Amino acid sequence: MKQRNELILHLIGEVGHYILEGDPQRMSINLHLEQDGFHLTILDDIERSDEEIGAMEASLHHTERPELAGYYGSMAGLEMVGHARLNLVGWQIHHGDVQRVEGGTRIDLVLGAEGFDHAGSAFPGAGC
Amino acid sequence: MNYARNTFFSPRTIKKIDTAITYRYCRASPFFRRPVLTTQEKKLYHLTWAILVAIALAGFLSQGVTQTLRGVWALQLHAARLINDYTSVAGAGATLVNAVLVAAIGLGLVGLTGTRVSGPTISAVYTMFGFGLFGKTPINSLPIILGVFIAARLAGKKFNEYILIALFGTALAPIVSMVAVELIPAGALSWTGAVVTGIVVGMILPPTAIVMLRFHQGYNLYNIGLTSGFLGLFAASLVAAGGVTLPADMIWNVDPPLLLQLLIPVLSVVLLGAGLFGTGLSEAEVEQREPGRVVQEGRAAQEARAVQPLRDFLRINRLSGRLPSDFMEMVSMRGTLVNMGVLGLGSWLYVLAVGAPLNGPVLGGILTIVGFGGFGKHPANCLPVMAGILAATLLFGLSLTAPGAILAILFGTTLAPLAGDFGVLVGFVAGFLHLVMVSRSGGWHSGISLYNNGFAGGLTATLLAAFMEWYQTGRDTAKAAEER
């Protein structure tokens, strides 16, 4: 539980840092938490270009890098100097999505818990 | 979690999550444990093995098989604290074979654990190879790695999450040799005690290394240097408390043979050649990374990629290099190999220009720079730091070829991200302070940590990162007050 809460706070910290660098007037953080995973949605009122959204998606759509996530990923949300880096978040989540919404941008981060039972999950089409 | 009934998911997002979860959790999938290496990564993996085998063969040829094997065995039983130049202890050939064995452990573990062959792993392998010339041996490194492995199991993590800590963590390998050779009289008990000590140290490394990152916030590339120096302080204090005085002897080869002098230029040319003339990503891999790019660019753009490595090298030089900057992922593998080759040749030319010997420790310094050419270092962020160290060396009247000064200017590039992020002036100041710190820090841990420059660099980076945080916050507050 402590590990999960710490991870969530780190992710919120890093993404929050990233958004605040864009100087928004509004930022909304929505956490949907369940026993075996969570979904974090962050909304802001910054209208970003296609290029910027593409760069954000590229940072969040990293391939699995356990060697970086387990060690350097711990820096997420704790950096006060320098720019925020979404790739620190991208290594640690299972899915990240960036979408342009009316008047701003929406970031979705999804992570299933360790030992997640895919067979018992309700994800559509998860059987294999 | 039932995402289908979740109101804040669009159908498009649900489809993407479905794909991601299926990919990650289907045990039947061949991708479950091992990442899919690109063809470039596979080639780099094989190239690195080929380089190691060639160096080992050169070692055997230069010294003869019997003499080389005897020399390698002698190194396993030799003290390893700073500075023990193995090229003086056992000869160049045996030292190269020892270094190859140490690096082979690293590269083998990368392959066995299915870790991506990329900037961080390649930098770890080159660092292990470099320090195999003056401190690391297979026998004193393996207990540390085993300790990290046990720590990973205890924390419920896979070993590949801690593999970089395990590989870089062999900085504390001298503690194993110290217990076996210097503290406990020879015998089975001494090696048992040494191995147990190494395992315990390895188990402490991961939690300490993770905390140390927070001090300098990624501005010291050798984070394990700060970690192992910190742990080395405790080890040296324990030894002193036990009434043992560790000698501060230095073995430094002043007349290295031609084989050692040619190692870096040959390696650099191979890396440059692989970068400039090697194959790029396949069209399928480009398409996988950046959908639509192959179709959009067309054939002309594909052909223009012949000069792409040089462009990528220039792109790399615009990055800060702050940990963790995997240049192979962020820019390209070919551009990164060019960067590694340029850094190797540049460092080698500097050593030649000042007339310092290309012995084990100096080669170790250059090889570490070459390795970190994939993970944070490039000429633009290294040069300001090196200039600061050079200025301090001249100002304090030290010889440019003195062991401390030449090693500081090579290993001091651990502070390169400060120049990359905050500019030339901060990089210069960092280099200047580094020489002052590193001159004293080795004695604090009695040379137990091989990454003494990483230790001193970590302290300098922590100071400057704290200062820059204060300065930036103060500047922003003043700016906001002016605007009001």
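The values are calculated or read from the model by the stated rules, or taken from the named source; none is laboratory data. Since the model is a prediction, treat every value here as computed from it, not as a measurement. As a convention, Cβ positions derive from the backbone with ideal geometry for all residues, glycine included, and neighbour counts pool all protein chains shown.
Odds and ends about this structure:
- Test: B:Ala92 is at pLDDT 95 or above and within 19 Å of the chain's Cα centre (by Cα): no
- Residue within the range B:136-147 that is within 18 Å of B:Ala236 (Cα to Cα) and touching a Ser or Thr at 6+ places or on another chain (Cβ under 9 Å) present: yes
- Test result for B:Ile175, modelled with pLDDT of 95 or more, in contact with a Pro (Cβ under 8 Å, 6 or more places away or on another chain) and within 18 Å of B:Ile145 (Cα to Cα): no
- Residue among A:Ser59, A:Ser74 that alone is facing another protein chain (nearest Cβ under 8 Å), small (Gly, Ala, Ser) and part of a helix (DSSP H, G or I): A:Ser74
- Residues of the range A:77-108 that turn out to be assigned to a helix (DSSP H, G or I) and either polar (S, T, N, Q) or more than 9 Å from chain B (Cβ to nearest Cβ) (or both), as a count: 4
- If you go through the range B:113-137 and keep only what is of a type in the set (Gly, Ala, Ser) and touching a Pro at 6+ places or on another chain (Cβ under 8 Å), you end up with B:Gly114, B:Gly135.
- Looking across the range B:213-227 at every residue that is more than 17 Å from B:Phe411 (Cβ to Cβ) and among the hydrophobic types (A, V, I, L, M, F, W, C), the one that is farthest from the other protein chains (Cβ to nearest Cβ) is identified as B:Phe215.
- Residues being under 30 Å from B:Lys158 (Cβ atoms), assigned to a loop (DSSP other than H, G, I, E, B) and either among the acidic types (Asp, Glu) or in contact with a Cys (Cβ under 6 Å, 6 or more places away or on another chain) (or both) - total across the range A:27-56: 1
- Scanning the range B:170-203 for residues that are aliphatic (A, V, I, L, M) and under 18 Å from A:Glu67 (Cα atoms) yields one hit, B:Met203.
- Criterion violated by B:Arg81 - all others in (1) more than 30 Å from B:Asp326 (Cα to Cα); (2) in a helix (DSSP H, G or I) satisfied: (2)
- Screening B:Arg70, B:Arg12 for residues that are in contact with a strand residue (DSSP E or B) (Cβ under 9 Å, 6 or more places away or on another chain) and either in a helix (DSSP H, G or I) or modelled with pLDDT of 95 or more (or both) leaves exactly one candidate, B:Arg12.
- Of all residues making up the range B:99-127, the number that are under 18 Å from B:Pro206 (Cα atoms) and within 17 Å of the chain's Cα centre (by Cα): 7
- Among (1) hydroxyl-bearing (Ser, Thr, Tyr); (2) away from chain A (no Cβ under 14 Å); (3) in contact (Cβ under 8 Å) with a residue 24 or more places away in the chain - the single one B:Thr192 does not satisfy: (3)
- Hits in the range A:1-37 (condition: at pLDDT below 90 and β-branched (Val, Ile, Thr)): A:Ile8
- Test: residue in the range B:126-142 that is modelled with pLDDT of 95 or more, within 14 Å of chain A (Cβ to nearest Cβ) and under 25 Å from B:Gly442 (Cβ atoms): no
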